[in-house]
2 protein chains.
Amino acid sequence: MAGSFPPIARRPLPDGFLDDLKARFGERLHTADAMRRQHGQSEAHFEPALPDAVMFARSTEDVVDLVTLCAVAEVPIVPYGAGTSIEGNALPVAGGISLDLSGMDAILEVNPEDLDCTVQAGVRREQLNEHLRDMGLFFPIDPGANATIGGMASTRASGTNAVRYGTMREAVLNLRVVTPDGRDIRTARRARKSAAGYDLTRLMIGSEGTLGIITEVTLRLHGIPEAISSAVCAFETLSGAVDTVVQAIQLGIPLARVEILDDMQMRAVNRWSKLDYPELTTLFFEFHGSPAGVAEQVAAVGEIASANGGGAFRWSNLPEDRSRLWKARHEAYYAAVNLRPGAVGWATDVCVPISRLAACIAETKRDLQASAIPATILGHVGDGNFHVVFSLDPNAPEEMAEVEGINARLVARALAMDGTCTGEHGIGLGKQAALIDELGEAVDIMRTIKRALDPRDLFNPGKIFTL
Amino acid sequence: MAGSFPPIARRPLPDGFLDDLKARFGERLHTADAMRRQHGQSEAHFEPALPDAVMFARSTEDVVDLVTLCAVAEVPIVPYGAGTSIEGNALPVAGGISLDLSGMDAILEVNPEDLDCTVQAGVRREQLNEHLRDMGLFFPIDPGANATIGGMASTRASGTNAVRYGTMREAVLNLRVVTPDGRDIRTARRARKSAAGYDLTRLMIGSEGTLGIITEVTLRLHGIPEAISSAVCAFETLSGAVDTVVQAIQLGIPLARVEILDDMQMRAVNRWSKLDYPELTTLFFEFHGSPAGVAEQVAAVGEIASANGGGAFRWSNLPEDRSRLWKARHEAYYAAVNLRPGAVGWATDVCVPISRLAACIAETKRDLQASAIPATILGHVGDGNFHVVFSLDPNAPEEMAEVEGINARLVARALAMDGTCTGEHGIGLGKQAALIDELGEAVDIMRTIKRALDPRDLFNPGKIFTL
C-alpha cells in the first residue's frame, strides 16, 4: 500500500563508508535487513523506505561523530525514537543512516524544588512518569503512544493534557542539540523564562530532525495534584458536547483533560476495550486541584453539560475508574483501526479556533458518512484539535485514493476556518502541500533557514518540505 | 553619560534617499532634530544614537514599501513602539530610519468565543485591556510599562502575571511580519496549537526586530476571573519570603501574581507612592479563581507565609486596595530611580532556577551593600526572575563603571546557577557579552539565521550580537 508524497532520490553511499562507520561504532551499527526494515516503516499507511544502516547511539559524542562522518560523505541521517509518529516523520526516504536514540534512555537529573528534569532523548514518557511518581511529580504531555521525549520534542507533540498544561512547546526549557555542522549546542539554560537571543529551543521543537538532532531535553514538571477526578458524559448532539467545553473554558474552569469521541469511536472503544458506554458523542473529562476545587469544577461542568443536553454525568474519584477511562482513550487509535480485522490505519489531524470546532467536525462527519470506509473522530476538544482515524483494507488500493480526497477536504475546511493542517502530528511526508496552502510564503522563510543550517540537506531530507 | 556597547559604524545615506522616502510617505517622514532626538534615546543609561529620519507607518503596506526602499539603498531600519525598552533595544546605533509603529493602533478583531484577538503592533496593553473589559476578557502580560504589543512581542516581554499566564512566548498565536526581503508573511493561523513546520512565531518573538518587523499580532486572551484577591506580607528574612513562594508553587497553588520587593525597594515605594508599608522584604500577591477557590488559596498561602516567618498577611477583596498595590508596584522603577533627585536609571534583570533564587538575591544584595550607589531589588519571584535598579548620579561617570562591574558579577552569578542573563529585558546593546557567556556556540547558530534572513544586516543592526 502506497502513501503519496513528494519523490526524493535515494543517495548512494560512497564506497567504504559503512566500513568507516563500523570502525567507529562496532556492534552498534546494523546493516541486516530485519533491522533496516524495522526502521524503514511507520505505524501509518506510508510505503516503507529503508535506511542503508541503523546506528544505535549511546551518547551525544556518538551523535557528533556520526554527523561528522556523514557530513564528509554527504550521507543523510534520520533520527529515530519509538517509531510512533504517524506522518512518516522518521522514514529515511533518501536512504542513509537511521539514528536510533532509544538506547539514550538515562534520566540525568531531577530537580524537585525547581519542578524540572533533564533526560536523554530516548527516555519514554511512561518511564519518566514512573520515575517521578514517588517524588510527587509528573510530566503532563501525553500523546497517547509511549513515545520518546526526543521524538515528542521533534514533532511538537501535545495530547490529552494540553488544554491545561500546554504542549512540548511550553514543556521544554532547554535542548542539547547536534547541528548539521557537528556542533554540540545547548539552546538555553534551566531558567523558566529568558529573553536572551533567538528562541532556538522553539525553533528546534517541531522541526522534525531537519535542523538538529536532539540528544537531551530539560523539561518542566508539575506536582501531582492533591485531588483528581474523572467524568464521562454522553450527548445527543455534537454541538451540545462542544458547547459544554467552550462554556467551561470561557468560565475559566481549569479542565485538565477533555476529550471528544464520536459515536463511531465509542463503538470501536466498546468493542476493543470490552466496555458498554452509550454509543453517542461522548466527552471524557479529568479535573485536577484541591479536593474542594475539584468538587467545585465537577459540579460546575456537570451543570453546564446538563444545560447542553448531556446525559448522566458519571464522575468518579476512584483511580481504577480513571485508569479504565484513559486506557480506553489511549487505545482508541488501535480500536478504530481494528473496526475491520487486518486493516491498516491512517490517522490525520487538524486544529481550528474552538468556535468553529462543532461546524468543522459536523461537516467532516458528513463527508465520512458518504464513504463506506470505517472512520472515527476523536479529539482534544479544549484545543480545537481533532483526529480522524480510517480503517483501510490493505487489499483495496482505491480506498487510499478515497481517503486522500477526504483528508484534502478536511485540511481545506480547517484552513478556511483559520485553523491549521495539523495540531500535533507534524508535516512529515503527508502534509507538505497542506503546509504551503496554510502558510504560503512563510514556507520560503523556513526553507531559507533550513538551507542556512543544513546546506547539504543531510538532516532528515524530504520532510516538512522539499528544497 | 555613556553606556558601553560594541562599536558599530553609522552608515551614510545615499544621495536623494530621503527625497525618495518623502515622495512616498509625505508628512509621515520626519527629519527634524527634535523628532530624531526623541527616537534616538532610551529610558535607560545608554548614550543617544540618532536616526537619520523617523517614519510613522499607518499600515503593513507602508512597512513593506519602506523595507523595499531601504533594501535597495542599504539603509538600516529600527522599529520603534513606545520607547520603553531598557537595554537600548530600539536605539538606531547605525543610523538609518526609526520606524515608528505607534500609529498602527487599531484593534482589528476580538473573538470572545475563541478567547483571542488580533491587533496592530502599535496597540498598547492598557488600551487593549480597556477595550476588552466590557467583554469580560483580559490580556494578562504586564511588563509594568504601557508598552506596545509589537514591542512586547519583539523583546519577549513578560512581567507580573507570567507565573500563571506565561510570557509573550505563550501569549502570541500568530504574527504578521515584514521580512528583510520585503515579504509580508503570517507565521501561523488562529488555532491554539499547531505542528505545522518551523515555529516562525517563536523565532520572531524576542528577535528584537533583527529578523522581521511585526505589524500585527494575534493574542490569546483570558476571561476576567470571577474573584480576585490581593495580599501583602512582609518577612524578616529574604529566604522566608522566597521559600513561601517555592512551597506554594510546589503545592500547585495557581498564584496569579507574586512579586518580591526588598527593603530598599519598599523604602522607595513608600516615598514615591506615599505609603507606609514596613520597610522589609515584602511579597505582593494576587489570586484569581472562583470565590471559594480564591478564599482557599489565600488561606493556604497565609499559612505557608506564617510558617516561614511572615508578618501580618494583609489580604483584601477590594478593587481599590488592589489598584493601590499594583500602582505602587508599577511605579517601582521610577520610585527606585528617584531615590536620588535628578538621577538616571539603570535596570538589569536575570532569571535563575527558583531553588537558587534566595541565594542569588542574597549574594547580589551583599554586592549592592558594598556600593554607595542606591539600588533596589524587585522581581517576579514565581519565575525566578528579578531586577536590580540603580539610581545613578549623571555627573559622576565613575558610577557607571561601578555598576558595570556589579552587573557583570550579577550575570556571572546567574549563569553559574544555570540561569539566564536576562529574564525579560532582552539583549539589546547591554547584554551581548553575557549572551555569549550564556549560550556559547549557539550564538553562532543565531548569527547564521540572521545572515540567511537579513544578509545585508539592515534590520536593527548591532543588536543581540554583531556580525
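Observations
- Among (1) assigned to a strand (DSSP E or B); (2) within 21 Å of the chain's Cα centre (by Cα), the one test that A:L357 misses: (1)
- Those residues of the range B:225-241 which are at pLDDT below 95 and either aliphatic (A, V, I, L, M) or part of a strand (DSSP E or B) (or both), in sequence order: B:L238
Conditions (1) more than 9 Å from chain B (Cβ to nearest Cβ); (2) under 25 Å from B:K450 (Cβ atoms); (3) surrounded by fewer than 19 Cβ atoms within 10 Å (Cβ to Cβ), marked per residue:
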residue: A:G405; (1), (2), (3): yes, no, yes
residue: A:D437; (1), (2), (3): yes, no, yes
residue: A:R451; (1), (2), (3): no, yes, yes
residue: A:P461; (1), (2), (3): yes, yes, no
residue: A:I464; (1), (2), (3): no, yes, no
residue: A:L467; (1), (2), (3): yes, yes, yes
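Listed here are the residues, each with its yes/no results for (1) free of Cβ contacts under 8 Å to residues at least 12 places away in the same chain; (2) of a type in the set (A, V, I, L, M, F, W, C); (3) not assigned by TED's automatic domain parsing to the domain that holds A:A256.
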residue	(1), (2), (3)
A:G96	no, no, yes
A:Q120	no, no, yes
A:R125	no, no, yes
A:N129	yes, no, yes
A:G136	no, no, yes
A:M152	no, yes, yes
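- The range B:27-70, subset part of a loop (DSSP other than H, G, I, E, B) and of a type in the set (D, E), residue surrounded by the most Cβ atoms within 10 Å (Cβ to Cβ): B:D52
- Just one of the numbered conditions (1) within 9 Å of chain A (Cβ to nearest Cβ); (2) surrounded by 22 or more Cβ atoms within 10 Å (Cβ to Cβ); (3) touching a residue at least 60 places away in the same chain (Cβ under 8 Å); (4) more than 28 Å from B:T448 (Cβ to Cβ) is not true of B:A231: (1).
- The range A:424-435 - residue that is touching a Ser or Thr at 6+ places or on another chain (Cβ under 8 Å) and part of a helix (DSSP H, G or I) and, of those, surrounded by the fewest Cβ atoms within 10 Å (Cβ to Cβ): A:Q432
- Residue that is modelled with the lowest pLDDT, among those in the range A:189-224 that are more than 7 Å from chain B (Cβ to nearest Cβ) and in a loop (DSSP other than H, G, I, E, B): A:I224
- Where A:N395 falls short, out of the listed (1) outside any helix (DSSP H, G or I); (2) buried (at least 24 other Cβ atoms within 10 Å of the Cβ): (2)
- Test: residue in the range B:416-423 that is outside the structural domain of B:S154 (by TED's automatic domain parsing), part of a helix (DSSP H, G or I) and modelled with pLDDT of 95 or more: yes
- Residue in the range A:59-78 that is within 28 Å of A:H387 (Cβ to Cβ) and among the hydrophobic types (A, V, I, L, M, F, W, C) present: yes
- Unmet requirement for B:I185, which otherwise passes all of (1) free of Cβ contacts under 8 Å to residues at least 60 places away in the same chain; (2) away from every other protein chain (no Cβ under 11 Å); (3) β-branched (V, I, T); (4) in contact with a Leu (Cβ under 8 Å, 6 or more places away or on another chain): (2)
- Residues considered: B:M400, B:M417. Of these, the only one that is over 21 Å from the mean Cα position of the chain (by Cα), in contact (Cβ under 8 Å) with a residue 60 or more places away in the chain, surrounded by 17 or more Cβ atoms within 10 Å (Cβ to Cβ) and under 23 Å from B:G240 (Cβ atoms) is B:M417.
- Positions within the range A:366-392 being within 14 Å of chain B (Cβ to nearest Cβ), surrounded by 24 or more Cβ atoms within 10 Å (Cβ to Cβ) and assigned to a strand (DSSP E or B), in sequence order: A:G379, A:H380, A:N385, A:F386
- Being buried (at least 23 other Cβ atoms within 10 Å of the Cβ) and either under 30 Å from B:G430 (Cβ atoms) or more than 14 Å from every other protein chain (Cβ to nearest Cβ) (or both) holds for only one residue in B:V344, B:V350, and it is B:V350.
- Cβ-Cβ under 8 Å pairs, at least 6 apart or on other chains, the range B:43-62 side free of Cβ contacts under 8 Å to residues at least 12 places away in the same chain, far side surrounded by fewer than 23 Cβ atoms within 10 Å (Cβ to Cβ) and hydrophobic (A, V, I, L, M, F, W, C): none
- Residue ID - nearest to B:I260 (Cα to Cα), chosen from residues in the range B:274-307 that are more than 31 Å from the chain's Cα centre (by Cα) and of a type outside the set (G, A, S): B:E303
- Qualifying residue in the range B:10-26 (condition: part of a loop (DSSP other than H, G, I, E, B) and either in contact with an Asp or Glu (Cβ under 6 Å, 6 or more places away or on another chain) or closer than 25 Å to B:S391 by Cα (or both)): yes
- Count - residues of the range A:234-247 that are crowded, with 22+ Cβ neighbours inside 10 Å and within 13 Å of another protein chain (Cβ to nearest Cβ): 3
- Once the range A:111-132 is narrowed to residues that are out of contact with any helix residue (DSSP H, G or I) (no Cβ under 6 Å at 6 or more places or on another chain) and within 14 Å of chain B (Cβ to nearest Cβ), the residue that is farthest from A:A191 (Cα to Cα) is A:L132.
- When the test is whether a residue is within 13 Å of chain B (Cβ to nearest Cβ) and touching a residue at least 40 places away in the same chain (Cβ under 8 Å), A:N146 does not pass it.
- Enumeration of residues in the range A:440-467 that are more than 17 Å from the chain's Cα centre (by Cα), of a type in the set (A, V, I, L, M, F, W, C) and closer than 27 Å to A:Y80 by Cβ: A:V443, A:M446, A:I449, A:A452, A:L453, A:L458, A:F459, A:F465, A:L467
- Given (1) away from chain B (no Cβ under 13 Å); (2) closer than 25 Å to A:P353 by Cβ, number of the condition A:E279 does not satisfy: (2)
The values are calculated or read from the model by the stated rules, or taken from the named source; none is laboratory data. Remember, predicted model here, so these are calculated numbers, not experimental data. Please note: Cβ atoms are built from the backbone with ideal geometry, for glycine as well, and neighbour counts cover all protein chains shown.
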